[in-house]
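Values quoted throughout were computed directly from the atomic coordinates according to the rules given, and no laboratory measurement underlies them. The structure presented is a predicted model; accordingly, all values stated were derived computationally and were not measured. Note that we place each Cβ from the backbone using ideal geometry, even for glycine, and neighbour counts take in every protein chain shown.
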Amino acid sequence: MSFVRTALLMAAMTGLFLAFGYMLGGPSGVMVAFIVAAAMNLFAYWNSDKMVLSMHGAKEVDDRTAPELVSLVRTLARRADLPMPKVYVIDSAQPNAFATGRNPENAAVAATTGLLRMLNRDEIEGVMAHELAHVKNRDTLIMTITATIAGAISMLANFALFFGGNRNNPLGIIGTILMMILAPMAAMLVQMAISRTREFAADKTGAEISGQPLSLAKALEKITMGARSTVNERAEQNPATAHLFIANPLSGRSFDSLFSTHPRMEDRIARLEAMADDIRPRPARGSSGIPRSGSGVKGNRPRNPGPWG
């Protein structure tokens with residue numbers, strides 16, 4: 001259902017671009033705006049992973065520097081039938097995580113030191129499974145496409161502002177002015193709706209990968225509390241990357257609104273709790289020697305996750 005909704009939202013974005021684009025810039029304006037926006041976002045698509053990781057000061061870790069975290073991600077990637085992504089740790093007290101990369105073969109997952117300290121093993125597993133779900137669902141590609149169309153709409157609005165737009169449109173000058181204001185806002189709202197839909201989808205797929213929806217739900221509770229009480233300075237300096245994180249890293253923006261890139265955390269937790277009865281817990285892994293915690297959200301007792309990096 002989430003993929004159907006995403007497809008419908010993307011179709012709505014495309015229709016918005018074509019309709020408003022013709023009104024604002026005419027046929028030639030539509031083509032120019034789309035080509036320029038596509039070129040800009042194509043560059044971002046190929047380089048965004050390196051840019052985002054650099055913005056947040058992420059450091060790559062391996063079996064030597066963070067053996068437990070890397071081993072956990074490797075197990076989850078194998079379970080999800082994905083190539084092993086690169087693993088990064090971000091020195092930030094705020095508990096959070098994100099995934100990036102243009103495709104599964106060039107993916108990276110990153111977790112903050114705050115998340116590794118605050119969460120227990122099962123909760124960290126749930127969070128990393130959520131991030132791998134973004135990779136598996138190719139959400140980076142989806143968001144790049146929507147960003148391309150949204151960027152083209154904004155360019156058309158700027159085109160109309162400086163060059164007067166399509167003088168032959170049937171709405172007249174007042175209609176043109178209104179579209180210059182409303183078209184980019186509408187595109188942004190659709191783009192954020194797609195982002196929120198992808199978060200729900202990643203929660204579901206992540207819970208299926210880990211087999212423990214309640215551990216992910218408990219992790220989201222802890223992350224929400226930690227994000228509200230701890231400022232992520234690098235995220236505040238780079239707000240355009242906020243949608244990548246599992247929880248909104250920006251202070252004062254944890255509520256759900258038309259302009260939020262994340263769904264309400266209460267809604268996400270409720271959906272995960274509803275999944276719990278349908279997913280049988282996986283047996284304890286004898287080979288790793290790491291026991292699992294209890295299955296209930298409220299009954300999970302925090303455990304020291306160990307030296308995660």
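Brief remarks follow.
- Reducing region 57-103 and region 193-225 to their Cα centroids gives an inter-centroid distance of 17 Å.
- Most positive-pole-ward Cα, Leu82, Ala12, Val127, against dipole of region 2-278 from beta carbon charges: Ala12
- The protection proxy used here, the mean number of other Cβ atoms lying within 10 Å of each residue, ranks peptides 69-82, 228-241, 208-221 as follows, highest first: 208-221, 69-82, 228-241.
- Between the residues Ser28, Leu220, Ala274, the greatest Cα displacement towards the positive end of the dipole of region 2-278, with unit charges on the Cβ of Lys, Arg, Asp and Glu, is found for Ser28.
- Of all lysines in the structure, those lying under 27 Å Cα to Cα from Lys59, and not within fewer than 8 positions of it along the same chain, are Lys50, Lys86, Lys136, Lys218, Lys222.
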